[in-house]
Structure formats: C-alpha cells, structure tokens
C-alpha cells in the first residue's frame, strides 16, 4: 500500500503533463463510502436519498458501481479514510466541537472491506481532503502553480469559475452540468461522456467538480488519454471564499492569494503528513 502526499500527487501530475501521459486523481469521500455501503447492504432508504441528491436513476446503480470500480482501478490514486483513524491527520468532524455521527464513522472504518467488495483494486492512496490541501501555501508548490499557463477544462455546475481561473491559465473551457437534486444523469451525463471521449487529450489537464458521477468522468478522462484532478467543492471556495465547517479549525483563506489556503495553528500539527 502506497500513500501519496500532496507534493507527490502534484509532482506526478506535472510530469504527466510534460510527457503527455494519462493521469487520474479520484476522491470518493464519505459520500462514496455511504453509497457503497448502501448498495452492498441493500439499504434502500439511504440509497434512495443519495440517488435523489446526486441525480442518479435507481436502475443505473449497478452501472455506476461498475464504472466507479473501473475508474478506481485505473486511477493514479484514490482516497482512503484511514488517515482519520491512524492519527496521521486531523479528525473527520462535522464542524468545530461536533463529531460526525457514529453511524458514518462506523461505515468509514470499514472502508477497506467496502473498497475490496466493490473491486476498487488500487493500492495507491491519497488524503480525502487532497483537493483542499492542494491549495495550501504551506507546501512547496500548489495546484495553482501547476495551473499557470496551462490549457484546462473544468466540469462543474458553476461555470462562472472560468472568470476566476482565466487570469491564471492560458485557456479555460467549461463543461457545465446541473447542480445536485437536478437529475444529473438524465440531463447531461451522456453529453459529458461524449465530450470527454472526443476532447480528453486537447487539454493539459481537467478539473472535475461533479459529485458522485464525477468519479466516472475522471476515469473516462484518463481512459481517453487525458489527465484529471478531482477538485470537488474547491470550486465553491474559489467563488464564495467559504470553507466547509469541518475544515475551519485546521485551515483558513490566505490573505495573500484569494484562491489559496493556509493552515491554522491546529492544522500545522499535521503538516509533515500532508
């Protein structure tokens, strides 16, 4: 089992850009854990809640699970919740002074079994918060350094992020998708897949912020010769400058660069493992 720190991920991404090799970084997070658990235990109540939020039809559940497995197997790294249990990283909380539910914690603690049963056969892992950690000024270089002068494509429900990124990159294209609760799969999934298949190699790399179906997009980008980074809710931070409450005790917006983050004193305790 290999664990990639943020510098490892960004260095590999830069190398793959230079040599035009495929690359894929995927985070399933606790949402992915809950989806896997609901499918594998046939918890229909939880599954239906997830499907409605993510816009996935019930009849497409097995398809999504199989595509997740394929994406996970070909990815350069996938996330592991193990860091929340071994003391190497700050705890997974709901917000300051409030832990996540015991039920969620229990599901995350059996992540390895859920991954194996879902055929996520990949032994190269990364931090679940690697999307935010890539923005830390505390590190040798950040995702923004990699973005400079690049030609990129972003898959997001917030296409206005183009206005933020166009001052950094050489060229930015956006593939707009619908937000949560808006039937993502039926409305735009096929068209996004078609766009990936025809243009995956046209960009230095892709930024994917597309919820649970975004894991499939990331895999398809690599499968078609492109490079992708799963940035998730980082798009919301870039646009709104709001950090999720679970992260606020450990990181905060940078006053030097509005697109970057810095560690708080509490967060700095874990710097050597980031």
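Structure notes:
- Counted residues, region 106-134 - those being farther than 28 Å from residue 271 by Cβ and touching a helix residue (DSSP H, G or I) at 6+ places or on another chain (Cβ under 6 Å): 7
- Test: residue 48 is under 20 Å from residue 184 (Cα atoms) and in a helix (DSSP H, G or I): yes
- Residue satisfying condition, being on the phi < 0 side of the Ramachandran plot, in a loop (DSSP other than H, G, I, E, B) and modelled with pLDDT of 95 or more, within set 213, 239, 247: 247
- Flag for residue 267 being assigned to a helix (DSSP H, G or I), in contact with a helix residue (DSSP H, G or I) (Cβ under 7 Å, 6 or more places away or on another chain) and surrounded by 17 or more Cβ atoms within 10 Å (Cβ to Cβ): no
- Residue 196 vs. criteria surrounded by 15 or more Cβ atoms within 10 Å (Cβ to Cβ) and assigned to a loop (DSSP other than H, G, I, E, B): no
- Qualifying residue in region 158-174 (condition: within 16 Å of the chain's Cα centre (by Cα) and at pLDDT 95 or above): yes
- Top-ranked residue of region 9-45 - restricted to ones that are in contact with a strand residue (DSSP E or B) (Cβ under 8 Å, 6 or more places away or on another chain) and part of a helix (DSSP H, G or I), ranked as surrounded by the fewest Cβ atoms within 10 Å (Cβ to Cβ): 17
- Restricting the first member to region 41-53 and to residues that are in contact (Cβ under 8 Å) with a residue 12 or more places away in the chain, and the second to residues that are outside any helix (DSSP H, G or I), the beta-carbon pairs closer than 9 Å and six or more apart or on different chains are 50/56; 52/181; 53/180; 53/181.
- Criterion (in contact (Cβ under 8 Å) with a residue 60 or more places away in the chain, more than 16 Å from residue 12 (Cα to Cα) and surrounded by fewer than 23 Cβ atoms within 10 Å (Cβ to Cβ)) met by exactly one of 163, 183: 183
- Test: residue in region 52-66 that is touching a strand residue (DSSP E or B) at 6+ places or on another chain (Cβ under 9 Å), closer than 22 Å to residue 221 by Cβ and at pLDDT 95 or above: no
- Sole exception among (1) closer than 23 Å to residue 13 by Cβ; (2) not in a strand (DSSP E or B) for residue 207, by number: (2)
The values are calculated or read from the model by the stated rules, or taken from the named source; none is laboratory data. Nothing here was measured: the structure is a model prediction, and the numbers come from that model. Don't worry about glycine lacking a Cβ; one is built from the backbone with ideal geometry, like all the others, and counts go over all protein chains shown.
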